[in-house]
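The values are calculated or read from the model by the stated rules, or taken from the named source; none is laboratory data. Please read all numbers here as calculations on a predicted model, not as lab measurements. For neighbour counting, all protein chains shown are included, and Cβ atoms are generated from backbone atoms with ideal geometry for every residue, glycine included. Protein only, heavy atoms only, side chains kept; ligands, DNA and RNA dropped before computing areas. Shrake-Rupley method; radii C 1.70, N 1.55, O 1.52, S 1.80 Å.
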Amino acid sequence: GFRNASTVSAQIRTWHMGRYRATRSERARQLLTELMPRLLKALADTTNPDEAFLRFDKFLGGLPAGVQLFSLFQAYPPLLDLVAEIMGDAPKLAEWLARKPILLDAVLSVDFYDPCESRVAMAEQLEINLRQARDYQDVLDAVRRYANDTRFRIGVQVIENNIDTETANRALSYTAETCLHALLPRVIDDVAGRHGYISEAGMAVIGLGRLGARELTFGSDLDLIFIYDDRPGAVLSDGDKQIPSGPYFTKVSQRFITSITSLTPAGS
């Protein structure tokens with residue numbers, strides 16, 4: 001099933017020479033040898049075996065060690081089949097998995113294939129995660145981890161035909177809403193550290209497009225509008241550096257966009 005069999009063969013020999021951290025130990029290479037027939041068969045059964053192999057090679061190259069994962073594949077063969085399917089048919093999931101192999105641990109949890117929770121339950125879980133945040137940077141990282149872990153779970157459920165597209169789109173929309181709801185008050189707190197709060201005016205974030213319709217896909221953008229209340233007269237913030245409501249909510253909007261779009265050690 002491979003178009004470039006000689007390239008695949010040469011790269012497999014590289015694995016067995018221990019040039020990746022995951023294959024440096026003798027035990028890891030032994031396990032990989034035992035897994036090789038099933039691994040090649042699983043990759044060959046995808047829609048694009050050569051691309052699947054290249055993605056698996058990238059995944060393997062990023063692993064800090066191999067014995068634990070190879071032992072897991074050996075003990076639970078369906079997990080190896082799932083990884084091959086992800087590598088061949090779901091490039092975005094493959095990218096997430098290459099960055100964070102520990103996501104596979106979640107696949108083995110008893111509730112991984114259960115339908116995603118309601119938005120209320122999602123919010124409760126994210127708030128639990130955020131309690132461990134020590135500062136604003138920790139908040140950004142925790143929200144990214146939650147978003148990417150949840151999207152990975154939804155994506156696997158889609159390719160395994162556990163949920164239909166409509167259910168997945170709604171779950172992705174709930175995930176986005178949950179993250180936005182968690183971020184906004186913390187962004188305001190961050191701005192308030194210098195400028196204080198404005199009690200006489202407020203700000204709303206409105207989701208349009210696919211988010212507003214709760215039809216987000218894995219490649220959707222977030223179409224957002226910010227509306228703030230600008231009272232007549234001088235409504236100032238109450239911090240050390242007071243500013244009017246217009247500039248204040250402009251700062252909040254800009255900081256909020258940055259909180260969503262910036263790349264952190266936890267990803268995008």
Scan segment 152-184 residue by residue and report those that are of a type outside the set (Gly, Ala, Ser), within 14 Å of ALA213 (Cβ to Cβ) and touching a helix residue (DSSP H, G or I) at 6+ places or on another chain (Cβ under 9 Å).
-> THR165, ASN169, LEU172, TYR174, GLU177
In a helix (DSSP H, G or I) and buried (at least 16 other Cβ atoms within 10 Å of the Cβ) - does that describe any residue in segment 224-245?
-> yes
Collect the residues in segment 113-135 that are exposed (fewer than 15 other Cβ atoms within 10 Å of the Cβ) and farther than 11 Å from THR178 by Cβ, keeping them in residue-number order.
-> TYR113, ASP114, PRO115, ILE128, ARG131, GLN132, ARG134, ASP135
Count of residues meeting criterion [among the basic types (Lys, Arg) and closer than 22 Å to TYR146 by Cα] in segment 210-268 | 3
For TYR146: the one exception among (1) surrounded by fewer than 18 Cβ atoms within 10 Å (Cβ to Cβ); (2) of a type in the set (Ser, Thr, Tyr); (3) outside any loop (DSSP other than H, G, I, E, B) | (1)
What helices (runs of 4 or more DSSP H) lie completely within segment 55-136 and have 2 or more residues being touching a residue at least 60 places away in the same chain (Cβ under 8 Å)?
-> 77-89, 91-99
Residues of segment 32-50 classified as surrounded by fewer than 17 Cβ atoms within 10 Å (Cβ to Cβ), part of a helix (DSSP H, G or I) and touching a residue at least 24 places away in the same chain (Cβ under 8 Å), total = 4
Using the structure shown, decide if PHE53 is surrounded by 15 or more Cβ atoms within 10 Å (Cβ to Cβ) and modelled with pLDDT of 95 or more.
-> yes
The condition of being under 20 Å from the mean Cα position of the chain (by Cα) and among the small types (Gly, Ala, Ser) holds, among SER253, SER199, SER262, SER237, only for SER262
Flag if ALA176 is open to solvent by 50 Å² or more (accessible area, probe 1.4 Å) and out of contact with any strand residue (DSSP E or B) (no Cβ under 6 Å at 6 or more places or on another chain) = no
With criteria (1) in contact with a Ser or Thr (Cβ under 9 Å, 6 or more places away or on another chain); (2) under 22 Å from VAL120 (Cβ atoms); (3) open to solvent by less than 30 Å² (accessible area, probe 1.4 Å), ALA192 comes up short on (2)
Does ASP141 satisfy being within 15 Å of the chain's Cα centre (by Cα), among the acidic types (Asp, Glu) and open to solvent by 40 Å² or more (accessible area, probe 1.4 Å)?
-> no
Please find, among ARG13, ARG29, the residue that is touching a residue at least 12 places away in the same chain (Cβ under 8 Å), open to solvent by 50 Å² or more (accessible area, probe 1.4 Å) and part of a helix (DSSP H, G or I).
-> ARG29
